[in-house]
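What follows is calculated from the coordinates using simple rules that are stated; it is not laboratory data. This is a predicted model, so every value here is computed, not measured.
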Amino acid sequence: LSVLCDAEVALIVFSAKGKLYEYATNSSMETILERYERCSFAERELVADPDSENQVMLDTISELQRKEKSLFEQNKALQKTVLEKENAMVRQAQWEQDSQSQASRPSFMLSPPLPTLHIGSNYHHTRSTETEKEGDGPHTGSSSGMPSWML
């Protein structure tokens with residue numbers, strides 16, 4: 001087998017009576033055993049590696065979930081900020097529209113004109129009609145709206 005495969009071969013046999021038999025090819029038994037231990041240890045590392053790989057994957061998943069949650073919270077805060085700014089812009093536009101419409105009309109409201117007070121005009125009118133009824137004759141006053149006694 002050693003010649004056919006160009007391999008190092010070691011054989012250890014324990015007999016039923018407890019006697020030890022060993023055989024090694026070109027190199028010594030210790031060299032072959034050391035090499036066996038190194039390979040065996042490396043193989044155990046590879047076998048154990050999936051567990052550590054799984055742990056690394058679980059850690060990575062946990063980290064990504066934490067980041068996802070953080071990004072979700074940041075996104076929520078940003079959406080709230082955008083909504084507040086949009087509302088502020090709408091209020092600003094309404095305010096500007098209101099201020100422009102107020103600028104186009106006078107800032108004071110014109111009240112309806114007060115009735116003109118003609119002092120004595122009713123007196124003059126009633127007096128003249130009373131005198132005409134009594135037969136004193138038509139009143140020959142001015143059209144200034146002043147009572148006749150003031151003229």
Query raised in the report: Between Asp59 and Tyr21, 0.36 nm times their residue separation minus their Cα-Cα distance comes to what?
Result: 8.7 nm
Report task. Collect residues whose amide H, placed 1.01 Å from N in the peptide plane, falls under 5 Å from the amide H of Glu8; neighbours closer than 5 in sequence don't count. Result -> none
Report summary line: Scalar couplings 3J(HN,Hα) for segment 70-82 by Karplus 6.51 cos²θ - 1.76 cosθ + 1.60 (θ = phi - 60°), nearest whole Hz, x for Gly and Pro, are 4, 5, 4, 5, 5, 4, 4, 5, 5, 4, 5, 5, 4
